[in-house]
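Below you'll find the structure, written out as structure tokens, and then a few comments.
Derivation of every value follows stated rules applied to the coordinates shown; laboratory data play no part. Every value quoted in this text rests on a predicted model; they were computed, and no experiment measured them. Virtual Cβ from ideal backbone geometry, glycine too; neighbours counted across all protein chains shown.
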Amino acid sequence: MVCYASVGGSGVVATELAKALADRGHDVHLISSEPPFRWQGGVPRLHFHRVTVPAYPLFREPQYLLALSTTIAHIADQQQLDIVHAHYAVPHATAAYLAQQMLASADRVVRPKTVTTLHGTDITLVGSDPSYAWAVGFSIERSDIVTAVSKSLKDSTISSLGIHREIEVIANFLDCVGYPSRIDPKLRAQIAPDDADALIVHMSNFRPVKRVDAVVDVFQRISREVPARLLLIGDGPDRAAVERRVEEYGLTDLVVFVGEERDPLRWLSVADLFILPSAQESFGLAALEAMACEVPVISSNVGGLPEIVRNGITGYATMPDALDEMAALSVELIRDPARRRAMGSAAAEMVRTNYCADRIVPLYEAAYERAMKT
């Protein structure tokens, strides 16, 4: 299992998938530059391997790709791997392909098959850059099996890169054990001391694509209409700018920053609404986590979000810049607790029915079996 270690949906899904596979009896070796954000040690049959990048200034740019390729080849040979599951086409599927060629040139019997999962950034950002488009397309075409986390991502991959091969949609998932969490009244009171205050939550890695500044803009509109508090979970490059925006709006007493949370369940469980006005989302794992906690979602209608945020049922998905509409819909739900709770229940039921590990992980196992037959 090859993934990025940084905070983000792909790393979370890869780590949870690795753990779920180990729990189902598979030997899983997770490869990354450092333990991923939600890594848990001590799980039987689950092993971590760090990619060590040598400090050699002559080859600055390709160092990680070369080190990763060599690490994959070494572990594949040593551990007799059947499958390399690459999360992202570039650089991970590229590295898996190079590792296959290394093993072939060394006349090794073991040449693991590559399953590549597309998560979005590799297509919407890297794949759209002419400097990388051919490399992304090549890595996808050379994979034995390719999956995408949403139908929207599958369609955009085919249209933007001219991919001709089959891409299977396997959605992101949650380990649904423990969802929804029991609400912690003390935690709720800590964030929103007044019982009349609605609690709005956003969770992300605070990158520009998440538009956390727009979350604050929407909250400002909400707070003018109803008593409310805003909880911001996460950290990243835009945090300082968002903090300044909160101060400029005079909202400091109403906004709480809690930073990165390895287990956001208890925080999400005390929320009334979740806001995600992203410019692009291939799936929207944070929204799924909120929905599993019986929290309706107000989001933009981009990428894979409309596939999980169903208007009037589990929340509302609007145009990304329709901040007035997002705020108005939020105020409506805050003023109608019965409807809000019904939406939250419907959201959690949809997650339990379609997006739990016991439903999704077997789809990956079936993909591995097909890869072995190619």
ask   = Whole-Hz Karplus ³J(HN,Hα) for the stretch 27-37, in order, using 6.51 cos²θ - 1.76 cosθ + 1.60 and θ = phi - 60°, x for Gly and Pro?
value = 8, 10, 10, 8, 10, 6, 6, 6, x, x, 3
task = Based on the mean of other Cβ atoms within 10 Å per residue, sort peptides 340-350, 141-151 so the most packed one is first.
result = 141-151, 340-350
remark   = Once amide hydrogens are built 1.01 Å from N within the peptide plane, the residues lying 5 or more places from residue 231 or on another chain with amide H under 5 Å from its amide H are 200, 201, 202, 256
request  = Give the peptides 73-86, 183-196 in descending order of average Cβ contacts within 10 Å, highest first.
outcome  = 73-86, 183-196
query = Per the chain: cysteines with no other Cys C-beta under 4.7 angstrom?
reply = 3, 293
task = For the stretch 29-119, give the magnitude of the charge dipole about the Cα centre (Cβ charges: +1 Lys/Arg, -1 Asp/Glu; no others), in debye to the nearest 20.
result = 140
message = Between residue 370 and residue 38, what's the calculated FRET efficiency when r is the beta-carbon distance and R0 is 30 Å? Round to 0.05.
response = 0.60
query = Relative to the longest principal axis of the chain, what angle (0 to 90°, nearest 10) does the C-alpha long axis of helix 94-105 take?
reply = 10
ask   = Applying the Karplus parametrisation 6.51 cos²θ - 1.76 cosθ + 1.60 with θ = phi - 60° to the phi angles of the stretch 178-184, what ³J(HN,Hα) value in whole Hz is obtained for each residue in order, glycine and proline being reported as x?
value = x, 8, x, 6, 6, 5, 9
Residues in the stretch 245-280 reached by a label modelled at residue 339 [backbone nitrogen below 17 Å; 7 Å Cα→Cβ] = 272-274
Spin-label pair residue 363/residue 183, simplified geometry with 7 Å Cα→Cβ offset, distance in nm = 3.2
query = What are the residues whose amide H is under 5 Å from the amide H of residue 30, where those residues sit 5 or more places off or on another chain and H is modelled from the backbone?
reply = 47, 48, 49
query = Farthest toward the dipole's positive end in the stretch 185-354, which of 193, 212, 314, given Cβ charges of +1 (Lys, Arg) and -1 (Asp, Glu) about the Cα centre?
reply = 314
Sequence-distant residues sharing a close amide H with residue 114 (under 5 Å, placed H) = 84, 144, 145
remark   = Karplus ³J(HN,Hα) for the stretch 145-151 (6.51 cos²θ - 1.76 cosθ + 1.60, θ = phi - 60°; Hz, whole; x = Gly/Pro) runs 9, 10, 10, 10, 7, 7, 5
query = residue 151: which aspartates and glutamates have alpha carbons under 13 Å from its alpha carbon, excluding same-chain residues fewer than 8 sequence positions away?
reply = 166, 168, 281, 307
query = About its Cα centre, how strong a charge dipole does the chain have in debye, to the nearest 20, once Lys and Arg get +1 and Asp and Glu get -1 at the Cβ?
reply = 620
ask   = So what's the back-of-envelope 222 nm ellipticity for the chain, counting only DSSP H runs of four-plus at -39500 (n - 2.57) apiece and dividing by all residues, rounded to 500?
value = -13000 deg cm²/dmol
query = Among 32, 296, 323, whose Cα sits farthest toward the positive end of the charge dipole of the chain (+1 at Cβ of Lys/Arg, -1 at Cβ of Asp/Glu, about the Cα centre)?
reply = 32
